[in-house]
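Working notes, structure below.
The values are calculated or read from the model by the stated rules, or taken from the named source; none is laboratory data. What you are looking at is a predicted structure, and each value in this text was computed from that prediction instead of being measured. Note: ideal-geometry Cβ built from the backbone for every residue, glycine included; neighbour counts use all protein chains shown. Just the protein is used for accessible areas: all its heavy atoms, side chains included, with ligands, DNA and RNA removed. Shrake-Rupley method; radii C 1.70, N 1.55, O 1.52, S 1.80 Å.
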Amino acid sequence: MTPAYVVRRIGFYTVICAITLFFAVPMLWIASAPFDASPGLGVRWPDWTLENFRKTLSHPYALHSMVNSLLICVTTAVAVTAFAALASYALSRVRIPGRDALLYGLLLLSSVVTGTAAMVPIFVMMFQLGLIDSRFGVALVMTGGLLPAAIFILKDFVDAVPKSYEESARVFGASTLQILRDVVLPVARPGLATIMVWAFVNAWGNFLVPFLLIRSIEKQPGAVLLQTFTDEGGSANLAVIPVFSLLFSIPVVVLYLLVNSRYGFRFHGGIKS
Amino acid sequence: MATASPPVPGRPARVRRPAQDVAGLGIGRAVGFLAPALLLIGAFLVFPAIWTIYIGITNYRLTGVEAVSPSIVGLANYTRALNDALFHNALWLTLLFVLGSAIIGQNILGFALAWTMRRARPAVRRTVEALVLLAWILPSTVVAYLWIAFFDRDTGTLNSILGTQGTAWLIDYPMVCLVLFNTWRGTAFSMMLYSSALQAVPPSQLESARMVGASGWQTLRDIVFPHIRGHVLTNTLLISLWTANDFSPFLLTKGGPNHESETVPVYIYNVALQGGELGYSSAISFLLLIANLLVALLYLRLLRRRS
């Protein structure tokens, strides 16, 4: 234990502490303000109360928006998973003409056509189709946006499934659909679960698409409604915003922990919006 | 339509085998399997991207005469963009945003975390990584409120820490706030990517560097960096692309005050939906698409060369 070593260790832990604080401090507000009797924008030890929760739950649109979020995200997640599963299986196992070009195109699409770059044409298109103010329209747009990356991630999973399973099932006389249902589907389940959670989390946090496409407040999902909470005076409603933020974050964190503990965190593209 | 992330570099190279149709699907049914996904992608991703080109050469507006019968104006929207001081401002701010929060902030902080957490105690490592990941997975609207509260003029945490009550950070220094916010928000990706990249550095080489008395900096420069150079490049491209397309500055500042934090995505929104100029904003969207395409092509090229 030379002095130089001690100094280095102290420096090391100072840096770690600084970085940890940088990440932790902005989050303290969501941990304290929801439970504070007089919530503000500052962080302080709360004057414990659950009154804010009562106020939030009795807010006319708060719970409703959670249902809207759920509706949009479940539709998106199921559609993304189902269509990406079918597509990735076909791409992994069958030599379709032009397959490599198609894969390359999908890979490009997944990063080039972002929500911000396509918001104007998407708005105009949905406007002309009469799909403005439709939750189903929002789910459709999100599904289209998430599919290319989903197909890619799932194709990696399917590629990793040994073909010998399907071969032996076939030797024993299983039909194609039986093989898909009874052999491929169970083996690919971790991949499907991951992609479903990934799509759900992406759709849950998506602000731009519903913000563009949904007009009426009773159809807004939570991500947009959270922006509109004001009190009678027109300033931010601080009884509702912290509680709603907390409740709105819980599904994302729980799903993330679930996938992480069940399948281990797989690092492909990441669970991110 | 999120900034859906493409597969990430650093995974083991896939073995290229000819596809074997082991379940006996056949090309016909395979195409049927592909059809629903391709239809949706075509309708809600490819078509809008191509349609941008057409809207971009019209004077289409949200309201008024041009909303009913837009006419083709050729490249007028593009020549207008060349002389639009607000568009130049948006480009400049986007450049600052990408440079500060992605290329410098996320990259360096992500690498520093990956490098230091390698040898930290498991408990420390898990706690720090969990916090960084949490910043990444929380919904963006919630994160925006966390930072609005953090920067608040009267009771904000930052002012309490620094003892600078009354400083309205989001109004006085909007771009600094956005850079800090986005560094916080996105570092997790770089951290994880560099963590997995660092595992490819042979421990024996690090060991011999230590034996000959190389300093930490020398070790990083001569041993570690050559091994992860490819990852640094691809990571930088990817996070730059995401940052340039990030809409969350809108949630924090709405582009204000007085266009001081109006990055390109926010500018597109303000021109299109606030100003109602769909034609002009489409032209700018198309420029953003082209920029994205160039970065993505470069990214895929680098990725291919490495594997």
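Residue B:193: assigned to a helix (DSSP H, G or I), farther than 25 Å from residue A:236 by Cβ and over 13 Å from the mean Cα position of the chain (by Cα), yes or no? So residue B:193 passes the test.
Which residues, counting only those in segment B:277-307, are crowded, with 17+ Cβ neighbours inside 10 Å and in a loop (DSSP other than H, G, I, E, B)? Passing the criteria: only B:277. The single residue among A:181, A:170 that is surrounded by fewer than 14 Cβ atoms within 10 Å (Cβ to Cβ) and in a helix (DSSP H, G or I) turns out to be A:181. Every condition in (1) open to solvent by less than 30 Å² (accessible area, probe 1.4 Å); (2) modelled with pLDDT under 90; (3) in contact with a Pro (Cβ under 6 Å, 6 or more places away or on another chain) is met by residue B:247 except one, and the failing one is (2). Checking each residue in segment B:116-133 for being at the interface with chain A (Cβ under 7 Å from one of its Cβ atoms) and at pLDDT 90 or above picks out B:128, B:131, B:132. Among residues of segment B:224-240 being of a type in the set (A, V, I, L, M) and open to solvent by 10 Å² or more (accessible area, probe 1.4 Å), the one that is nearest to the chain's Cα centre (by Cα) is B:237.
Let's see how each residue does on (1) under 20 Å from residue B:248 (Cβ atoms); (2) open to solvent by 30 Å² or more (accessible area, probe 1.4 Å); (3) touching a Gly at 6+ places or on another chain (Cβ under 6 Å); (4) more than 9 Å from chain B (Cβ to nearest Cβ):
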{"site": "A:164", "(1), (2), (3), (4)": "no, yes, no, no"}
{"site": "A:175", "(1), (2), (3), (4)": "no, yes, no, no"}
{"site": "A:189", "(1), (2), (3), (4)": "no, yes, no, yes"}
{"site": "A:197", "(1), (2), (3), (4)": "no, no, no, yes"}
{"site": "A:206", "(1), (2), (3), (4)": "yes, no, no, no"}
{"site": "A:210", "(1), (2), (3), (4)": "yes, no, no, yes"}
{"site": "A:215", "(1), (2), (3), (4)": "no, yes, no, yes"}
{"site": "A:220", "(1), (2), (3), (4)": "yes, no, no, yes"}
{"site": "A:227", "(1), (2), (3), (4)": "yes, yes, no, no"}
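Against the condition within 20 Å of residue B:63 (Cβ to Cβ) and assigned to a loop (DSSP other than H, G, I, E, B), how does residue B:255 come out, does it pass? Considered against the rule, which asks whether it is within 20 Å of residue B:63 (Cβ to Cβ) and assigned to a loop (DSSP other than H, G, I, E, B), residue B:255 comes out as no. Quick one: is residue B:294 facing another protein chain (nearest Cβ under 7 Å) and more than 14 Å from residue B:81 (Cα to Cα)? It is false that residue B:294 is facing another protein chain (nearest Cβ under 7 Å) and more than 14 Å from residue B:81 (Cα to Cα).
Only one residue in A:92, A:88 is over 23 Å from the mean Cα position of the chain (by Cα), facing another protein chain (nearest Cβ under 9 Å), hydroxyl-bearing (Ser, Thr, Tyr) and within 20 Å of residue A:160 (Cα to Cα). Which one?
A:92
Quick check, is residue A:39 part of a loop (DSSP other than H, G, I, E, B), farther than 22 Å from residue B:125 by Cβ, within 14 Å of another protein chain (Cβ to nearest Cβ) and in contact with a Pro (Cβ under 7 Å, 6 or more places away or on another chain)?
Considered against the rule, which asks whether it is part of a loop (DSSP other than H, G, I, E, B), farther than 22 Å from residue B:125 by Cβ, within 14 Å of another protein chain (Cβ to nearest Cβ) and in contact with a Pro (Cβ under 7 Å, 6 or more places away or on another chain), residue A:39 comes out as yes.
Selection of segment B:27-65 for residues being charged (D, E, K, R) and facing chain A (nearest Cβ under 9 Å) yields only B:29. Screening residue B:247 on (1) touching a residue at least 12 places away in the same chain (Cβ under 8 Å); (2) aromatic (Phe, Trp, Tyr); (3) part of a helix (DSSP H, G or I) shows it passes everything except condition (3).
Please find, within segment B:153-169, the residue that is farthest from residue B:105 (Cα to Cα) out of those that are touching a residue at least 12 places away in the same chain (Cβ under 8 Å) and buried (at least 20 other Cβ atoms within 10 Å of the Cβ). The selected residue is B:156. Residues that are open to solvent by 10 Å² or more (accessible area, probe 1.4 Å), in contact with a Pro (Cβ under 9 Å, 6 or more places away or on another chain) and touching a residue at least 12 places away in the same chain (Cβ under 8 Å): does segment A:6-29 have at least one? No, there is no match, as no residue in segment A:6-29 is open to solvent by 10 Å² or more (accessible area, probe 1.4 Å), in contact with a Pro (Cβ under 9 Å, 6 or more places away or on another chain) and touching a residue at least 12 places away in the same chain (Cβ under 8 Å).
Evaluation of residue B:268 against the conditions (1) farther than 19 Å from residue B:96 by Cβ; (2) without any contact (Cβ under 8 Å) to a residue 24 or more places away in the chain; (3) open to solvent by less than 10 Å² (accessible area, probe 1.4 Å) shows that the sole unmet condition is (1). Close Cβ contacts (under 7 Å, 6 or more residues apart or on different chains) running from residues in segment A:97-122 that are within 7 Å of chain B (Cβ to nearest Cβ) and over 16 Å from residue B:48 (Cα atoms) to residues that are open to solvent by less than 30 Å² (accessible area, probe 1.4 Å) and not in a helix (DSSP H, G or I) comprise A:107/B:6.
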